[in-house]
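Okay, handing you the structure first.
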Amino acid sequence: MKQVYMETFGCQMNVADTDRMELLLFQSGYLRTAHVEDADLVLVNTCSIREKAEQKVFSLFGGLKPLKQANPDLILGVAGCLAQQEQSALMARMPYLDFIIGPDAVESIQHIVHRIHQGEGPVVWTEFDARKNYSIPEQPLVKDSGPSAFVNIIKGCDKFCSFCVVPYTRGREKSREAGEIYAEIRQWVDHGAKEIILLGQNVNAYGKRGLDHPVAFHELLYGIAEIEGVERLRFTTSHPMDFTRELIQAYCDIDILMNHLHLPVQSGSNRILELMRRSHTIEWYLDLIAQLKSEVPDIALSTDVIVGFPGETRQEFEDTLKLMEQVGFNNSYMFAYSPRPNTPALDMVDDIPHEEKQERLQETIQLQNRLTEENGRAFLGREVEVLIENVTSRKGMSFKGRNPHYWSVVFKGGEDCLKPGDVTRVRVEEISGHVLRGSWAGQ
Ligand code: SAH
Ligand code: SF4
Ligand code: F3S
């Protein structure tokens, strides 16, 4: 068999896209390799959410050029959001590329590679296709899933936050038919998955329009809970504006829905939120959190935060810190604002100096570290339930997994009777950063 080397940047949706391309390429006779020097095909799935993500791709390709020079038959392709956004710039900078394809071409990867084999010159495929929606072919999966499987339920985004490239790189929202999602989940469960993580840039916009059989997001969750063998259910990411009362109720009703919610807030200032076009206020967000906490008291919350948005004053930045403290997030993904092509925020002056953005970022990170530790302390001395994901290389520890609140847990003991995919109990003895460490507490 020929060999394909694949590398993925960006979010979990890109990871899931790479997995689908792996499956399709397997059917075309390619086996995935971890060694780029053995590859007949190199496929890099790219991200363009921030400038840094873009730079990583260019430096990777700098290293690939000599391989192509040494072996002209090597096929080099770029997929994903950067490819969608910067097709001509990529081709100009790397004329040796064989193909450049956007996220909507993932399902056509076999056809594209076939065209290259037929001797066609560089193939560029970046049209949006409103019919495509992350279907996977009804073929057996290439490999076992591991304990946790990602399942795309909606593609694209219609929110157009002023800083964000996603609506331009992934196009308009399109949900998958529920029946197809259930079928894919059954397939993953048959291949060993215990936990299903539903994916989309905005999962709770699921089902709003365009489905032959309309199903709302919370109804989809109830449907998945009926599938035998699914032991844990999660979803990411949700937009506060699409968060419904029914979804809060789903947390109360569905045992396998884990008590964790990632709900990006981006800023603690109403003025900045408006400039970001997030379409809600801080008061509204806090009210939603209060409702959720009153129904689901031990829910763990995480968020995304951007610092240094155009015009953000010191006071507005401090409002973000205040909000983080008020909610007491278990975890935050924190970013310095990065101007992106095509986005409306490009019309605003990116006036916060780089050093100031970095300082603000460090302050948020420090605050979050403290909040994480405070939240972690609540687990000390307690037993938590862990889905084992893998054997860990951490010194003296045996296994690594996650608890329902989405904390990483490493623990020692149980080597003789435990394996990845098992759910077991662990006594937490220590917190180390974002990781809980402990000992096996028996079955
Ligand atoms: N759909 C998700 C976000 C996906 S992008 C949501 O709305 O919740 C992941 C995160 O990257 C965003 O939440 C935001 O915090 C960050 N991000 C997006 N564009 C950015 C930019 N131009 N500069 C800095 N951070 C950005
Ligand atoms: Fe980007 Fe906003 Fe859509 Fe999230 S909701 S993907 S931040 S446009
Ligand atoms: Fe990046 Fe595209 Fe995901 S821009 S974050 S890979 S949707």
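Enter the Cα centre distance for the pair the range 309-352 and the range 1-44, rounded to the nearest angstrom.
When both Cα centres are located, 35 Å separates them.
I need the calculated FRET efficiency for the pair Asp422 and Val15, taking r as the beta carbon distance and R₀ as 30 Å, to the nearest 0.05.
0.80
Looking at the P(r) of the range 383-440, how many percent of alpha-carbon pairs lie beyond 18 Å?
15 percent
Taking only protein heavy atoms into account and a 1.4 Å probe, give the accessible area per residue of the range 144-200 in Å².
Per residue, the range 144-200 has 29 Å² of solvent-accessible surface.
Continuing with this model, one more query. State the extension gain, in nm to one decimal, for the chain segment bounded by Glu373 and His213, taking 0.36 nm per residue of separation less the distance between their alpha-carbons.
In short, 53.1 nm is gained.
So for the range 177-231, what are the equivalent ellipsoid semi-axes in whole Å, largest first, each being the square root of 5 times an eigenvalue of the Cα gyration tensor?
Computed over the range 177-231, the values are 20, 11, 10 Å.
Once label points are set 7 Å from the Cα along Cα→Cβ at both Glu120 and Cys252, what is their separation, rounded to one decimal in nm?
With each label placed 7 Å out from Cα toward Cβ, I get 5.5 nm.
Here is a follow-up. For the range 243-287 and the range 54-126, what is the separation of their Cα centres, given in Å?
38 Å
Taking the Cβ-Cβ separation of Ser294 and Lys65 as r and a Förster radius of 56 Å, what is the calculated FRET efficiency to the nearest 0.05?
Using R0 = 56 Å, I get an efficiency of 0.45.
Something else now. One quarter of the convex hull surface, Cα atoms only: what value does that give for the range 288-378 in nm²?
In nm², the orientation-averaged hull projection of the range 288-378 is 6.7.
Could you list, by residue number, the cysteines of the chain that have no other cysteine's beta carbon within less than 4.7 Å of their beta carbon?
Singleton cysteines: Cys11, Cys47, Cys81, Cys157, Cys252, Cys417.
Something else: Picking from Ala205, Ala105, Val57, whose Cα lies most toward the positive end of the charge dipole for the chain (charges on Cβ: Lys, Arg +1; Asp, Glu -1)?
Selected residue: Val57.
Suppose each label sits 7 Å from its Cα in the direction of the beta carbon; what would the Asp73-Val391 distance come out to in nanometres?
Between Asp73 and Val391, the label points sit 3.7 nm apart.
I've got another one for you. Restricting to DSSP H runs of at least four residues, report the calculated mean residue ellipticity at 222 nm for the chain, -39500 (n - 2.57) per run over all residues, nearest 500 deg cm²/dmol.
One gets -10500 deg cm²/dmol as the mean residue ellipticity at 222 nm.
For the chain, what % of the accessible area comes from carbon and sulfur atoms, probe 1.4 Å? Walk me through the numbers on the way to the answer.
Numbers: 9390 of 18970 Å².
Reported share for carbon and sulfur atoms: 49 percent.
Could you give each residue of the range 416-430 its phi-based ³J(HN,Hα) in whole Hz, using Karplus coefficients 6.51, -1.76, 1.60 with θ = phi - 60°, and x for Gly or Pro?
So the J values, rounded to whole Hz, are 7, 10, 10, 8, x, x, 6, 9, 9, 10, 10, 8, 7, 10, 7.
For the range 383-440, with every protein chain kept in place, what is the accessible area per residue (1.4 Å probe, Å²)?
Accessible surface, normalised per residue, equals 46 Å².
Counting other C-beta atoms within 10 Å, and keeping those with at most 16, which DSSP coil chymotrypsin sites (Phe, Trp or Tyr not before Pro) do you find in the range 212-269?
Passing sites in the range 212-269 do not exist.
Exposed loop trypsin sites (Lys or Arg not before Pro) only (DSSP loop, at most 15 other Cβ atoms within 10 Å): please give the longest stretch of the chain free of them, not including the sites.
1-130
Also, I was wondering about something else. Can you tell me the equivalent ellipsoid semi-axes for the range 2-125? Use √(5λ) from the Cα gyration tensor, largest first, whole Å.
In descending order the semi-axes read 19, 17, 14 Å.
Another question, then. How large is ³J(HN,Hα) for each residue in the range 198-214, as worked out from phi by the Karplus curve 6.51 cos²θ - 1.76 cosθ + 1.60 (θ = phi - 60°), to whole Hz, x for Gly and Pro?
7, 10, x, 5, 8, 4, 7, 8, 3, x, 5, 7, x, 8, 5, 10, x
So for the pair His35, Ser279, with labels modelled 7 Å out along Cα→Cβ, what separation do we get in nm?
Between His35 and Ser279, the label points sit 5.2 nm apart.
If I take R0 = 22 Å and measure r between the Cβ atoms of Leu346 and Asn270 in this structure, what FRET efficiency does the formula 1/(1 + (r/R0)^6) give, to the nearest 0.05?
Rounded to the nearest 0.05, the efficiency is 0.50.
Here's a follow-up. What is the Cα centroid distance between the range 359-435 and the range 196-213, reported in whole angstrom?
Between the Cα centre of the range 359-435 and that of the range 196-213, the gap is 30 Å.
Using just the alpha carbons, could you tell me how many Å³ per residue the convex hull of the range 297-443 encloses?
Convex hull volume per residue, Cα atoms: 143 Å³.
Restricting things to alpha carbons, find the Rg to Rh ratio for the chain using the Kirkwood radius for Rh.
Radius of gyration relative to Kirkwood radius: 0.96.
The values are calculated or read from the model by the stated rules, or taken from the named source; none is laboratory data. In this text the structure is predicted, and so the values were computed from the model without any measurement. No Cβ is skipped: glycine too gets one built from the backbone with ideal geometry, and neighbour counts run over all protein chains shown. These area figures cover heavy atoms from the full protein model, side chains too; ligands, DNA and RNA do not enter into them. Shrake-Rupley method; radii C 1.70, N 1.55, O 1.52, S 1.80 Å.
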